[in-house]
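The values are calculated or read from the model by the stated rules, or taken from the named source; none is laboratory data. Keep in mind the model is a prediction, meaning the values are calculated, not measured. Heads up, the Cβs are rebuilt from the backbone with ideal geometry, glycines too, and the neighbour counts pull from every protein chain shown.
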Amino acid sequence: MAYRPKRMKFGIFLAPFHRVGENPTLALRRDMRLIELLDDLGYDEAWIGEHHSFGREIIADPVVFMAAAAERTRRIRLGTGVLSLPYHHPLMVADRMVQLDHMTEGRVMLGVGPGALTSDAHMMGIPTVEQRRRMGESLDAIMQLLRRDGLVTMKTDWFELKDAQLHLASYSDPHLPVAVAASFTPAGPMAAGKHGVGLLSVAGVDNAGFERTWGWAEEAAAESGRTISRDNWKVVVPIHVSDSRKQALAELQDGYALRAYAGDARNPGAAGPGLFGGAGGLEAQAENGTALIGSPDDVAQAIERIIERSGGIGGILGLAHEWASTAATNRSYELFARYVAPRFQGQLEPIYQSRDWVEEHMREVFGATPAAMAKAFTDAGKELPPAMVEAQRQREARRKAKAAGKKDE
């Protein structure tokens, strides 16, 4: 049986994706309003991306965005989704995140990766084949700094630390949460296991290695003497909820055809990188569960299938997209929060149990209510209202009829 946390976490992975040709200032403002909406709806997390090229994912510094979002929200946790470590000196990453940990009083998370958009690395002269190695080296340094394992001295071919330490301890205990991005290879899960940190499956469930992901992480954790928890494994997948699957597909169809990485290219309809959004058409993705599209029941059932396939996860992050109109997108987030998330957070069972018990014991619990109301009038020396007198007469008639029926038996 697959592992189930007592309370799954839900949130979004905001790359973000915006179509080329629209006002970027308004797009960023819309992203910020979305985080505010999710905070109001009770979502747990929002992970914000870092990109520097291609004109679609237009947040260059997630830390700046998160700092602004933290001032506009009350409880939602904010993470870098993800910070591309080969682009930064590790001391600067750790120091800035610890500062933000204090400024948000423990609401930030550090998500890291090698950098999925290789055009970013190209502009910085970073060879693609070196990105994962550099991420690993940087993460080694960052975790030593966060854990305050003493002065850190390291020298690589791209950064150096000499007697390095953070001048602030994390606000969070023992330090701010860290998670490693995973796509299709074992590199991400093994890095997460090596350091005993969380895991973000940013490529969703549409890959052959998905079922082996946690095994890779556990293997690396065992080798390094660390422990890891499935509670800290989040899976990123596109989501859209509406009244029915037919309605959800109708709301998405036109925007999906123009989605980032495909239809907004100079060659409309050309296929682009398939890392996000799954393969095949929307109907196929909704059917096989690589995108969670449909009614609340449809989406909940798809999450159940992901839990079983994975062996157990800690949460689902909706891949933020704008395939539907803003109104339909916001309604999707609301429907998910109202009717899907509570099923996996232990919120509905007590309500159902309470309702069912009262309904089953209705006569026993409420049978004395009319007599108590009548007594209140009598105790106050007031005459019963005619309607109450008539109700008493009818109840007495029913009682006598029932008693007579029992005698005849």
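Remarks
- Index of the failed condition, residue 327 passing every other in (1) assigned to a loop (DSSP other than H, G, I, E, B); (2) surrounded by fewer than 15 Cβ atoms within 10 Å (Cβ to Cβ); (3) at pLDDT 95 or above: (1)
- Residue list for segment 46-70, restricted to those being in contact with a helix residue (DSSP H, G or I) (Cβ under 7 Å, 6 or more places away or on another chain) and assigned to a strand (DSSP E or B): 46, 48
- Tally, over segment 1-49, of residues that are crowded, with 23+ Cβ neighbours inside 10 Å and over 25 Å from residue 114 (Cα atoms): 3
- Single unsatisfied condition, residue 310 versus (1) modelled with pLDDT of 95 or more; (2) closer than 13 Å to residue 332 by Cβ: (2)
- Number of residues in segment 324-371 that are farther than 30 Å from residue 250 by Cα and among the hydroxyl-bearing types (Ser, Thr, Tyr) equals 3.
Conditions (1) of a type in the set (Ser, Thr, Tyr); (2) over 17 Å from residue 15 (Cβ atoms); (3) surrounded by fewer than 17 Cβ atoms within 10 Å (Cβ to Cβ), marked per residue:
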position	(1), (2), (3)
64	no, no, yes
71	no, yes, yes
78	no, no, no
101	no, yes, no
116	no, no, no
156	yes, yes, yes
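- When residues of segment 206-243 are limited to those that are of a type in the set (A, V, I, L, M, F, W, C) and free of Cβ contacts under 8 Å to residues at least 60 places away in the same chain, the one nearest to residue 293 (Cα to Cα): 208
- No other residue among 120, 140, 149, 163 is in a loop (DSSP other than H, G, I, E, B) and either among the charged types (D, E, K, R) or not assigned by TED's automatic domain parsing to the domain that holds residue 210 (or both) apart from 149.
- Unmet requirement for residue 158, which otherwise passes all of (1) touching a residue at least 40 places away in the same chain (Cβ under 8 Å); (2) assigned to a loop (DSSP other than H, G, I, E, B); (3) closer than 27 Å to residue 39 by Cβ: (3)
- Residue match in segment 166-185 (condition: touching a residue at least 24 places away in the same chain (Cβ under 8 Å), aromatic (Phe, Trp, Tyr) and out of contact with any His (no Cβ under 9 Å at 6 or more places or on another chain)): yes
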